[in-house]
Amino acid sequence: MSNDHYLVAADPDAHVELAFCADRTRGLAGGRPWFLMEHSTSAVNWQPRNVAKRPGEMLRNSLVHVARGADAVCFFQWRASRGGAEKYHSALVPHAGTDTKVWREVVALGRVLEALAEVLGTRVEADVALLVDYPAQWAVELDSHPSVDVEGLDRAHALYRAAWDLGVTVDVVPPSVDLTPYRAVLVPTLYLLSDHDATALARYVEGGGHVLVTYFSGIVDEHDHVRLGAYPGAFRDLLGVRVEEFFPLRREESVRLDDGTAADVWTELLQPAGADVVARYVDGPLPGVPAVTRRTVRDGVAWYVGTRLDRCGTHRLVRRVLADAGVDPVREVPQGVEVVRRVGSDRAYLFVANHTAEPVDLPAVGTELVTGAPCDGSVRVGAGEVAVVRQAG
């Protein structure tokens, strides 16, 4: 399993998108280590603004891929070409030769990867799964749907970002995987779903799992045929809700919820059928109608969100769901800092990537492999730098 990844310069959260893609590749690999087939040492040549990577950014990008399961880090291209369409695409050896920032950073990366050789073969362990499925993504993007603004990956990225901000590692996996190892499962706009996978998710919740399902999920089977009765089809009984009709919002239209959050794109005429109401609409086409519900199912819990919550509301809800599921740690890490752990049979490796302009200190005991320095209770990670701490046990 391999990935070909490039940052989108216009995205202010490109480092989070990088993490999402790395976790998605690992999920498709069944949790096994994977291969970063190519990325760039600096700028690419195919975006409207081809922004060069700042000092330290290439090393940080590379090590975040390693932190999230990559056992190989490769690049396009070896030497920057003199002619052709890709002559301004960055390379290991730039046009200016070896007396350059890029070449010195390439050499430094080689030294760091050599120091991290013992990480090879270890795995990333996660308590949370995010279900992302290619057939469901293709199906929700078909035309003649209630709203063209419904996008499964949009909700996937929103839920993922909320977990990322909490310092929670997520496995981005297809719905067919075994869900029993996870404390919580996030289901973002999983429009198309087989009966088999829907039954497996219900059994997961009955066995003590916690699930959060967002709008326009479980609507059709694997043949793109609507499940009759009431929406959300495959999840109706599990969630304890009954949706009569979709009420998409106009562009630029938003609604308020009675918990203080805002939402847009989508609302539903929803009736509880065994679920408890967590939040209702204050205004919009459906004032007083439930927007967020929660249902206890034997030893587990099933949450439903019938609208597209804003970023604040999404973060608040994900924090509550994960805390309810006992996910540890659910903590606030410094904004712009990501923490991931790879685990072997007798040791673990704590990766801390600092995407901010200020140094950070985090609790850690072990040996920092990039510098070889001991960590007797904390590790300091400089601005824009990455630390990798070997931990016993």
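Here are some notes:
- Relative to the longest principal axis of the Cα atoms of the chain, the long axis of helix 57-67 makes an angle of roughly 60 degrees.
- Between helix 311-324 and the chain there is an angle of about 80 degrees, using the helix long axis and the longest principal axis of the Cα atoms.
- Burial ordering of CYS21, CYS74, fewest other beta-carbon atoms within 10 Å first: CYS74, CYS21
- P(r) tail, region 1-125: Cα-Cα pairs separated by more than 19 Å, 48% of all pairs.
- The orientation-averaged projection of the convex hull spanning the C-alpha atoms of region 129-190 amounts to 4.4 square nanometres.
- When both bridge partners sit in region 128-324, DSSP labels roughly 60% of those beta bridges antiparallel.
- Farthest positive-ward along the chain dipole, Cα basis, beta-carbon charges - from VAL379, SER62, ALA163: VAL379
- When the P(r) of region 117-222 is calculated, the portion above 18 Å amounts to 49% of the C-alpha pairs.
- Counting only Cα atoms, the size of region 337-392 along its three principal axes is 35, 19, 17 Å, in decreasing order.
- The charge dipole of the chain, taken about its Cα centre with unit charges on the Cβ atoms of Lys, Arg (+1), Asp and Glu (-1) only, comes to about 860 debye.
- Alpha-carbon geometry of region 176-304: the Rg and the Dmax are 14.5, 41 Å, given in that order.
- Region 31-128: trypsin sites (Lys or Arg not before Pro) in DSSP coil with no more than 10 other Cβ atoms inside 10 Å: ARG49, ARG82
- Our summary gives the chain a relative contact order of 13 percent, counting only alpha carbon pairs under 8 angstrom and 6 or more residues apart.
- Spacing of the modelled spin labels on GLN77 and ARG298, each 7 Å from Cα toward Cβ, amounts to 5.7 nm.
- Of the peptides 5-11, 188-194, the order by per-residue mean of other Cβ atoms within 10 Å, starting with the highest, comes out as 188-194, 5-11.
- With the alpha-carbon atoms of the chain aligned to their principal axes, the span from lowest to highest coordinate is 67, 51, 38 Å, starting with the largest.
- Contact order relative to length of region 216-358, as percent, for alpha carbon pairs under 8 angstrom and 6 or more apart: 15
- Excluding exposed DSSP-loop GluC sites (Glu not before Pro) (at most 10 other C-beta within 10 Å), longest clean stretch of the chain: 1-251
- With Cα atoms, 0 to 90° folded angle of helix 14-28 axis to the chain main axis: 80
- Contact order relative to length of region 2-122, as percent, for alpha carbon pairs under 8 angstrom and 6 or more apart: 24
- Calculated diffusion of region 244-378, Stokes-Einstein form, Kirkwood radius summed over Cα pairs, 10 °C and 1.306 mPa s, µm²/s: 87
- Each other residue within a Cβ distance under 10 Å of ARG161 adds +1 if Lys or Arg and -1 if Asp or Glu, for a net charge of -2.
- Among the trypsin sites (Lys or Arg not before Pro) within region 228-336, those in coil by DSSP and having at most 16 neighbouring Cβ atoms inside 10 Å are ARG250, ARG251, ARG298, ARG331.
- Taking the helices alone, the chain has a mean residue ellipticity at 222 nm of -7000 deg cm²/dmol, built from -39,500 (n - 2.57) per DSSP H run of at least 4 residues and averaged over all its residues.
- Take every DSSP beta bridge whose two residues both sit in the chain; close to 65 percent of them are antiparallel.
- Computed about its Cα centre, the charge dipole of region 2-122 is approximately 260 debye, with only Lys, Arg, Asp and Glu carrying charge at their Cβ.
- Amide H partners (placed H, <5 Å) of GLN391, local residues excluded: ALA348, TYR349, LEU350
- Considering only SER217, VAL305, LEU257, the residue lying farthest towards the positive end of the dipole of region 128-324 is LEU257, judged by Cα position with unit charges set on Cβ.
A short reminder: the numbers here are calculations on the coordinates, not readings from a lab. None of these values were measured; they are calculated from a predicted model. Note that we place each Cβ from the backbone using ideal geometry, even for glycine, and neighbour counts take in every protein chain shown.
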